[in-house]
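One structure is given here, and the rest of the page talks about it.
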Amino acid sequence: MKNFLFCLLFAAQLSAADSISTDIVVYGGVPCGIAASITAAREGAKVVLIEPTKHIGGLSTSGINTAESEHMLKWTIGGFADEFYRRLGAHYQTEGPEYFFESSVAERIYLGMLREAGVDVRFGAAVDQVTKEGARITAITLTDGTKLRAKLFIDAGYEGDLMARARVKYAVGRESKAEFAEEAAGIRFDKTPRKARTVDENGRLLPGISAWAKDLREGDAHRAPMNYNFRLTVAKDPKLQVPIPAPKHYDAKRYALLAGWLHEQARQNKPVKLTDIVDPYKRRNGKFELNNKQSAIYSLGHFGGQFDWPDASYEERARIYQDHMDYTLGLLHFLAADAAVPVNVQKEMKALGLHKDEFADNGHLPYQLYVREARRMRGEYVVRQQDVQDDRRKPDSIGMSSHFIDCHHVQRVALNENEFVNEGRIWRMGFAYQIPYRALTPNASECENLLVPGAASFTHVAFCTLRLESVWMITGHAAGIAAALAVKDDVSVQKVPLAALQDKLRAQKQVVDFIPGLPEKCEHLNGPPEF
């Protein structure tokens, strides 16, 4: 869409200066990058934050309106993350931190915090080239030609684009079970087959089905991350609505699998409702957040559409982005108008509209695609499933997470012409665990002045506990303080004094240590309050 990836190709908003020098460059104006920028600036460092789009805040300002605290132990959320949620609480006049919010409100609060800290925020151009001397980055060049020189760089982005261009080793997709001896790793077939026609009249797999199950093996590595989708903000009240636009490119055949399932439900006289296909989460001020429904036969997750995103060029990502938007708007159009859809479901769909108060400069559609996972660094330490479930204490802890191991499906695979299974889902109990500083640092031989708190050094399974904006603010906070210390002491990121780093984080109320008497197992899901 016009305000997202295409601006990577035609950047016009960045300063026209040819060269900028600073202490720290933070790449990615997502919550992780915001936390890193502000905490480093508060330590006295001169910080430039680069955001490739026109809006900061990542998915917190692009449709995900929860801290995901309902799947976490709230006591693990401290430091900058807790400060941000407390500012939301002050805005909504609730006591303490507020974990459910609106995108536009989150963006205003983030912008205010960046202004207070004196962070130089620059929009509209992406990293193009990274210049290194030995194991040190000396400068990065953006897509508009601007060169930024700094003593230290932080890649906070979802994709790890700066990291990759710095020739730091990384992984994409899913490791095999054997690589790190992880029980939940690799290809994972759902246990329950889904009944629906999987091929067309010529025997070709229908859109949305990636492969035949017989060609895959449980536990093997696979190149793709979990699926992506948009998190639309909609309204049921007509006074709050604008119409949901038609997709630029629509083909009803794209939803043939769903149509076949709907026909089969009708044949068996089984009722269907809209919530069997999409999940509308109730939010504030008449807003509902649409998300992929895990148990649905077909939903907002574009299974297979995400395969090439992590290593794609910006031009190719623009195409994938548009494909996801066409898929999303096409699905909503199909549900509202196609003859295969029951009348009651059509009526429910037609009763929804985009909320008029969100994303007004982008046709009321979210700015960013929900990239749940892309590249993952292979740093000094690789956090594994064992580290987030069993071996949870680390001497170089810089923060904590406790989220469930939550991986959305990756793809659908056909069992035969009339059955398929979803593949890739993981849902495991959450435990409080310490995040090691070594997961943010590359190997010293690869780069000495880069921190990667976003696409951090985790396996796919373990990354499923990191990939929340609340947790990314925790790693971002730690990266900001570590970067400021490295600049002050003129040392590599691998040589930052750990005790000093941990002491500063504790003083800033980051939760670095286990707290005696508080639960370590996240056993219950706590839903959002009634709004």
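The values are calculated or read from the model by the stated rules, or taken from the named source; none is laboratory data. Quick caveat: nothing in here was measured; it's all calculated off a predicted structure. FYI the Cβ positions are ideal-geometry reconstructions off the backbone, even for glycines, and counts take in every protein chain you see. The protein model used for the area step is the full one, side chains on, heavy atoms only, and it has no ligands, DNA or RNA in it. Shrake-Rupley method; radii C 1.70, N 1.55, O 1.52, S 1.80 Å.
When both residues are 6+ apart or on different chains and their Cβ atoms are under 7 Å apart, which pairs have a first residue that lies in segment 350-372 and is among the acidic types (Asp, Glu), and a second that is surrounded by 23 or more Cβ atoms within 10 Å (Cβ to Cβ)?
GLU358/SER103; GLU358/THR233
Starting from residues that are in contact with a helix residue (DSSP H, G or I) (Cβ under 6 Å, 6 or more places away or on another chain) and within 20 Å of GLN510 (Cα to Cα), keep the ones in segment 43-58 and report whichever is least open to solvent (accessible area, probe 1.4 Å).
Per the criteria, the residue is ALA45.
Conditions: (1) modelled with pLDDT under 95; (2) surrounded by 15 or more Cβ atoms within 10 Å (Cβ to Cβ); (3) among the polar types (S, T, N, Q). GLN294 meets all but one. Number of the miss?
(2)
Kindly indicate which of ARG428, ARG438 is under 20 Å from THR76 (Cα atoms) and over 21 Å from the mean Cα position of the chain (by Cα). Let's see the steps before the verdict.
Numbers: ARG428 fails: over 21 Å from the mean Cα position of the chain (by Cα).
Just one listed residue meets the conditions, ARG438.
Has segment 45-65 got any residue that is at pLDDT 95 or above and in contact with a His (Cβ under 7 Å, 6 or more places away or on another chain)?
Applying the first criterion (at pLDDT 95 or above) to segment 45-65 yields 45-65.
Those still in the list that are in contact with a His (Cβ under 7 Å, 6 or more places away or on another chain) too: 61.
Yes; the residues of segment 45-65 include at least one that is at pLDDT 95 or above and in contact with a His (Cβ under 7 Å, 6 or more places away or on another chain).
So if I check each of TYR99, TYR85, which one is open to solvent by 10 Å² or more (accessible area, probe 1.4 Å) and of a type in the set (Ser, Thr, Tyr)?
Among TYR99, TYR85, only TYR99 is open to solvent by 10 Å² or more (accessible area, probe 1.4 Å) and of a type in the set (Ser, Thr, Tyr).
Please verify whether ASN422 is touching a residue at least 24 places away in the same chain (Cβ under 8 Å) and within 17 Å of CYS407 (Cβ to Cβ), treating the condition exactly as stated.
yes
Which residues, counting only those in segment 214-244, are open to solvent by less than 90 Å² (accessible area, probe 1.4 Å) and out of contact with any strand residue (DSSP E or B) (no Cβ under 8 Å at 6 or more places or on another chain)?
GLY219, ASP220, ASP237, listed by residue number.
Scan segment 278-291 for residues that are open to solvent by 20 Å² or more (accessible area, probe 1.4 Å) and either of a type in the set (A, V, I, L, M, F, W, C) or touching a strand residue (DSSP E or B) at 6+ places or on another chain (Cβ under 8 Å) (or both) and report the count.
Going through segment 278-291, the residues open to solvent by 20 Å² or more (accessible area, probe 1.4 Å) turn out to be 279-282, 284-286, 288.
Keeping just the survivors that are either of a type in the set (A, V, I, L, M, F, W, C) or touching a strand residue (DSSP E or B) at 6+ places or on another chain (Cβ under 8 Å) (or both) gives 279-282, 284, 286, 288.
So the count comes out to 7.
Kindly list, by first and then second residue, each pair from a residue in segment 110-125 that is over 17 Å from GLY79 (Cβ atoms) to a residue that is among the basic types (Lys, Arg) and not in a helix (DSSP H, G or I), limited to pairs with Cβ atoms under 6 Å and residues at least 6 apart or on different chains.
Correct list of pairs: PHE123/LYS54.
Looking for something assigned to a loop (DSSP other than H, G, I, E, B), more than 20 Å from the chain's Cα centre (by Cα) and touching a residue at least 60 places away in the same chain (Cβ under 8 Å) - is there at least one such residue anywhere in segment 448-467?
yes
So is MET400 within 26 Å of LEU518 (Cα to Cα) and open to solvent by 10 Å² or more (accessible area, probe 1.4 Å) or not? Break it down stepwise before answering.
On the way: within 26 Å of LEU518 (Cα to Cα): yes; open to solvent by 10 Å² or more (accessible area, probe 1.4 Å): no.
For MET400, the condition - within 26 Å of LEU518 (Cα to Cα) and open to solvent by 10 Å² or more (accessible area, probe 1.4 Å) - is not met.
Please work out which residue is surrounded by the fewest Cβ atoms within 10 Å (Cβ to Cβ), limiting yourself to segment 297-318 and to residues that are free of Cβ contacts under 8 Å to residues at least 40 places away in the same chain and among the acidic types (Asp, Glu).
Selected residue: GLU316.
TYR321 fails exactly one of the following numbered conditions: (1) open to solvent by 10 Å² or more (accessible area, probe 1.4 Å); (2) out of contact with any strand residue (DSSP E or B) (no Cβ under 7 Å at 6 or more places or on another chain); (3) of a type outside the set (A, V, I, L, M); (4) closer than 13 Å to PHE230 by Cα. What is the number of that condition?
Result: TYR321 fails condition (1) only.
Which one of the conditions (1) buried (at least 23 other Cβ atoms within 10 Å of the Cβ); (2) in contact with a Phe, Trp or Tyr (Cβ under 6 Å, 6 or more places away or on another chain); (3) not aromatic (Phe, Trp, Tyr) does ALA455 fail to meet, given that it meets all the rest?
(2)
ASP338 - would you say it is acidic (Asp, Glu) and over 20 Å from HIS408 (Cβ atoms)?
yes
Which residues, taken from segment 132-170, are without any contact (Cβ under 8 Å) to a residue 40 or more places away in the chain and over 18 Å from VAL493 (Cβ atoms)?
Scanning segment 132-170 gives a single hit, THR141.
Identify, please: which residue in segment 340-362 is hydrophobic (A, V, I, L, M, F, W, C) and open to solvent by 40 Å² or more (accessible area, probe 1.4 Å) and is, among those, nearest to GLN241 (Cα to Cα)?
Step one: filter segment 340-362 for residues hydrophobic (A, V, I, L, M, F, W, C), giving 340-341, 343, 345, 349, 351-352, 354, 359-360.
Right, trim to open to solvent by 40 Å² or more (accessible area, probe 1.4 Å) and you get 343, 351, 360.
Details: VAL343: 22, ALA351: 10, ALA360: 12 Å.
Checked segment 340-362; the qualifying residue nearest to GLN241 (Cα to Cα) is ALA351.
With respect to LEU518, determine if the residue is surrounded by 14 or more Cβ atoms within 10 Å (Cβ to Cβ) and over 18 Å from the mean Cα position of the chain (by Cα).
Criteria not met by LEU518.
Any idea which residue in segment 363-388 is most open to solvent (accessible area, probe 1.4 Å), counting only those that are more than 21 Å from GLY430 (Cβ to Cβ) and among the basic types (Lys, Arg)?
Out of the qualifying residues, it is ARG378.
Of all the residues that make up segment 118-173, how many are of a type in the set (Val, Ile, Thr), in a loop (DSSP other than H, G, I, E, B) and surrounded by fewer than 20 Cβ atoms within 10 Å (Cβ to Cβ)?
Looking only at that region, the number is 1.
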